[in-house]
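Bear in mind these aren't lab numbers, they're just calculated from the coordinates by the rules spelled out. Worth saying up front: this structure is predicted, and the values here are computed from it rather than measured. Quick reminder, even Gly has a Cβ in these numbers, built from the backbone with ideal geometry, and neighbours come from all protein chains shown.
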Amino acid sequence: MENFGKVVTDFYGETVPVQNWLENFELNVDAYGLTERQKYAQARSKITKAAQLFLESELVGSYEELKATLLTEFQRKLGSAEVHEKLANRKKL
């Protein structure tokens with residue numbers, strides 16, 4: 001379990017998109033065969049800075065609650081300019 005902390009980066013809430021971080025975290029949880037309790041404890045230990053401050057104001061007691069809370073707060077939302085750019089750059093069938 002010591003190596004798990006080295007493989008999964010910390011989540012700050014500012015750099016890596018939350019969905020990417022969660023996917024990487026869950027892939028490594030599966031690879032290490034962590035229990036639900038270990039999964040929750042490891043996730044909490046990898047959350048730092050702004051994300052940690054946010055979580056201190058939330059009541060979460062399981063990994064699934066933690067995941068849902070992080071997604072609600074930190075999932076990146078596209079602005080209208082980004083949506084229009086994506087639409088303009090899409091491939092036509």
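Using the Cα centre of the chain as origin and beta-carbon charges of +1 (Lys, Arg) and -1 (Asp, Glu), tell me which of Gly13, Gln42, Ala81 is placed farthest towards the positive end of the dipole. Of Gly13, Gln42, Ala81, it is Ala81. Would you pull out the residues with amide H under 5 Å of Phe11's amide H, same chain only if 5 or more places away, H placed 1.01 Å from N? Answer set, sorted by chain and number: Ile47, Thr48.
The helix-only estimate of mean residue ellipticity at 222 nm for the chain, built from DSSP H runs of length n ≥ 4 each weighted as -39500 (n - 2.57), is -18500 deg cm²/dmol after division by the residue total.
Mind checking the angle between helix 63-74 and the chain's longest principal axis? C-alpha axes, 0 to 90 degrees, to the nearest 10. On a 0 to 90 degree scale, this one is about 40.
Estimated at 0.36 nm per residue, the fully extended path between Glu23 and Lys86 surpasses their Cα-Cα distance by 20.3 nm.
Computing Rg and the Kirkwood Rh from the Cα coordinates of segment 1-67 gives a ratio, Rg/Rh, of 0.93.
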